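Notes to accompany the following structure.
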Amino acid sequence: PEGGQEVGSALPESSAQAASAARAQPLGRVVDARSGAPLPGARVAVRRPGGELLLGLRCDEAGAFPLSRLPAGDLELVALARGHLVPAPRALGPAEREGLTLALDPGRELRARVSCGDGASLPGEVRVWVEAGAGYLTGDEPEAPDAAGRLLLAGLPAGPCALRVEAPGYAPLEVGFA
């Protein structure tokens with residue numbers, strides 16, 4: 001849910017509890033659509049058709065979340081993971097409670113380097129915000145390049161995007177790309 005408030009969590013308290021829980025309940029999974037790799041820490045919003053939020057879950061290390069915690073009736077699930085596009089809600093009928101896999105599209109990647117006009121790395125803390133329109137999951141914090149000014153942005157939707165770069169002692173810069 002928005003505001004960082006967790007409604008529920010799929011993360012068990014210990015590995016013994018995790019093993020026991022995995023055997024005792026059906027699990028859903030959130031995976032990368034290209035590679036099939038699990039997405040640990042992905043969030044799953046469970047809501048009624050039309051938007052009433054019922055439950056928020058976080059996937060475990062295997063990208064799994066418990067289906068047994070889902071309320072009865074028709075539901076919509078939306079899985080979110082940084083570096084992946086925000087999908088349309090997935091309708092889930094009352095009989096669909098086993099073997100559910102939500103596959104998230106990793107979208108486009110952009111490799112960039114932020115530097116001074118002469119190519120030197122910028123001193124201090126550089127912050128990069130991404131404006132990519134619908135389908136892009138923005139984080140609470142800006143992107144941070146490494147010490148050499150390099151950064152990798154993933155989960156970008158098709159179409160135009162923009163970067164806003166801020167560094168202490170420099171004028172902010174906006175760069176658009178398609």
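The values are calculated or read from the model by the stated rules, or taken from the named source; none is laboratory data. In this text the structure is predicted, and so the values were computed from the model without any measurement. A quick note on method: Cβ atoms are made from the backbone with ideal geometry, for glycine too, and the neighbour counts reach across all protein chains shown. Note: accessible area is taken over every heavy atom of the protein model, side chains too, but ligands, DNA and RNA are not part of it. Shrake-Rupley method; radii C 1.70, N 1.55, O 1.52, S 1.80 Å.
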Report the dimensions of region 45-89 along its three principal axes from the alpha-carbon atoms, largest first, rounded to Å. 29, 22, 12
Please report, for the Cα atoms of region 114-178, the Rg to one decimal and the Dmax as a whole number; what are they, in angstrom? 12.1, 35
So if we plug the beta-carbon distance of Asp146 and Glu61 into 1/(1 + (r/R0)^6) with R0 = 35 Å, what FRET efficiency do we get, rounded to 0.05? 0.85
Computed about the Cα centre, the charge dipole of region 36-178 from +1 Lys/Arg and -1 Asp/Glu charges at the Cβ has a magnitude in debye, to the nearest 20, of 200
How big is the Kirkwood radius of region 25-178, worked out from every pair of different alpha carbons and given in Å to one decimal? 17.3
Per residue value of the accessible surface for region 88-167 (all protein chains in place, 1.4 Å probe), Å²: 56
Please report the carbon-and-sulfur percent of the accessible area for region 86-132; probe 1.4 Å, protein heavy atoms only, DNA, RNA and ligands left out. 51
Mind checking Rg over Rh on region 70-125, alpha carbons, Kirkwood formula for Rh? 1.33
Sparse-neighbour loop sites [chymotrypsin sites (Phe, Trp or Tyr not before Pro); region 113-178; at most 15 other C-beta within 10 Å; DSSP]: Tyr170
Coil-residue GluC sites (Glu not before Pro) of region 22-108, DSSP, other Cβ within 10 Å capped at 13: Glu52, Glu61, Glu98
